[in-house]
Amino acid sequence: MASPILLTEAVARRFLLGTQGLWPSRRWVGRDGAAAAMQALGRRQLDPVSLVARSHDLVLMSRVSGYHPDHLSALAYGERLFFEYGGHLDLYPRAEYPYWELHKMRRRSDPRVRAFLAEYAELADEVRALVRDRGPLAAGDIPSDMVAGTATAKVTSGRARTAGGLALYHLWLTGDLMTHHREGFERVYDLAERIAPQIHETPPEASVRAHAAAEVLRREGLPTLGEWSAGVSYMLFANMPRKDAAAWMADLVALGLAVPVRVDGHKVERFVHADLVPLLESLVQGHVPQAWDIPGDARAEAVFLSPLDNLLAARARVLDLFGFQYLWELYKPADQRRYGAYTMPILYQDRLVGRMDPKMDRAAGVLTIQGLWTEEAGLGQDPAFQKALQRGLERFAQFHGARETVRPPGFASA
């Protein structure tokens, strides 16, 4: 195996942040910038929770100057540059669509999907026909008397409340349907062949495997073998024993498609896509890659990350390289929370330095910062950090349309 590239922790952090558009500062602007950011991220999880704003909008707001939620809606459901898919619901670039056909085909053999479609086979057929004949359809549009009333039968599922809604979901998961648009956060479905007829084909399995291996490696930045294999396994909807993952990665390295990486003071080996090595080498030499270097002092601004930010998806990596332990406490009982329901990590330069717990009252136009914590004692009194925090908070409040911001006791204004 090739000799690994040796990195400091700082270089590793800057590489991860830079490939995701978080360092040295925002480098994208407006709707076109949102499209570029989405392409760079490779995937973006959607989430309905909106204590301040929805997670997918916060992710783009932290990377794109002048971002507005309407931008993503127009890009995904108007221009069809992105599509929704997956058990935990991500948006992917349109070019990725054919490579998920194998996953969808294998989903049809999933025991839960098979059991539902076997029990409600007639209902699923009727729902598919209804979408074909009537056009885009939401779960609430399914007639209650369909198939002797089974459409409104209650089901135990986190995906839908009724059998009719779950039929739509499973038809979406197995590829018959796609998301046409959303009303609020409710998905409206249509036939996949109507939404994406030109890309509704399945590449050979070998091509899908090769694409998945490269795409996950690129998207994850500096994955361990386990992080990489987990991403590939999900995309292929197939288990991958560790020995098979190790053999596959060794082949990628031998072919020059992947390069091993070691971080000073860390035992675990990581890998980088060969196409990203020039960016990494530039950082090793102490330079900011030209594509990332934006004029001005925007880097002197704190950024508040969504709890479901792409950077935080690999919690073990964040702990390993940033020394930052993060747990989303939304679903913990209030009396068991250490920080808050929607606490957001604070990014300052190339470090995760603290947490902020915000809450937005839209009717009153008031943004309340319910808590603010720093990892290092004394950082909150540092003038440079205070100024960066204030700048970040002003942008955050503006994005949410807040007319007033209530700060916690002791918050110093720059």
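Quick one: if the Förster radius is 35 Å, what FRET efficiency do A118 and R182 give, using the C-beta to C-beta distance and rounding to 0.05?
Working from the Cβ atoms, E equals 0.75.
Just the Cα atoms of the chain, one point each, no solvent: what log10 I(q)/I(0) does Debye give at q = 0.07, 0.12 Å⁻¹?
Once normalised to I(0) and log-transformed, intensities are -0.38, -1.08.
Picking from G354, G149, G18, which is most flexible by a Gaussian network model of the chain using Cα springs under 10 Å?
G149
Of L319, L236, L17, which is the most mobile in a GNM of the chain whose springs link Cα atoms less than 10 angstrom apart?
With Cα springs under 10 Å in the chain, the top fluctuation among L319, L236, L17 is at L319.
Under a point-charge model restricted to the Cβ atoms of Lys and Arg (+1) and Asp and Glu (-1), what is the dipole moment magnitude of the range 1-137 relative to its Cα centre, in debye to the nearest 20?
The calculation lands at about 400 debye.
Could you tell me the largest-minus-smallest coordinate of the C-alpha atoms of the range 188-264 on each of the three principal axes, in descending order and whole angstroms?
Computed over the range 188-264, the largest-to-smallest principal extents equal 51, 25, 22 Å.
Helix 242-254 sits at what angle to the longest principal axis of the chain, using alpha carbons and giving 0 to 90 degrees rounded to 10?
Orientation of helix 242-254: about 70 degrees from the principal axis.
Mind telling me which of P345, P333, P48 comes out most flexible in a GNM of the chain, alpha-carbon contacts under 10 Å?
For the chain, modelled as a Gaussian network with Cα springs under 10 Å, the answer is P333.
Would you work out the charge dipole size for the chain about its Cα centre, treating the Cβ of every Lys and Arg as +1 and the Cβ of every Asp and Glu as -1, and quote it to the nearest 20 debye?
520
Per residue, how much accessible area does the range 272-324 show when a 1.4 Å probe rolls over the protein heavy atoms, in square angstrom?
The answer is 43 Å² per residue.
Pairs K104/K267; K267/K387; K104/K243; K359/K387: which are spaced more than 32 Å apart, C-alpha to C-alpha?
Among K104/K267; K267/K387; K104/K243; K359/K387, the Cα-Cα distance tops 32 Å for K104/K267; K267/K387.
What does DSSP give for the chain in terms of the percent of beta bridges that are antiparallel, rounded to the nearest 5?
If I count the DSSP bridges inside the chain, around 80 percent turn out antiparallel.
Give me the mean projected area, in nm² to one decimal, of the convex hull enclosing the Cα positions of the range 273-414.
10.8
Over the chain, what percent of the accessible surface lies on carbon and sulfur atoms, probe 1.4 Å?
50
Rounded to the nearest 20 debye, what is the charge dipole size of the range 128-214 about its Cα centre when +1 sits on each Lys and Arg Cβ and -1 on each Asp and Glu Cβ?
240
If R132, R44, R31 are ordered by their accessible area, calculated over protein heavy atoms with a 1.4 Å probe, which sequence runs from highest to lowest?
R132, R31, R44
Give the ranking of W373, W292 by solvent-accessible surface, highest area first, calculated with a 1.4 Å probe.
Largest to smallest exposure gives the sequence W373, W292.
Kindly report, to the nearest 10 Å², the accessible surface of T162 as traced by a 1.4 Å probe over protein heavy atoms only.
30
The values are calculated or read from the model by the stated rules, or taken from the named source; none is laboratory data. Predicted, not measured: the structure shown is a model, and the values here were computed from it. Using ideal geometry, Cβ is built from the backbone for each residue, glycine included, and neighbour counts are taken over all protein chains shown. For the accessible areas, the whole protein counts, side chains as well, though only heavy atoms, and no ligand, DNA or RNA atoms are used. Shrake-Rupley method; radii C 1.70, N 1.55, O 1.52, S 1.80 Å.
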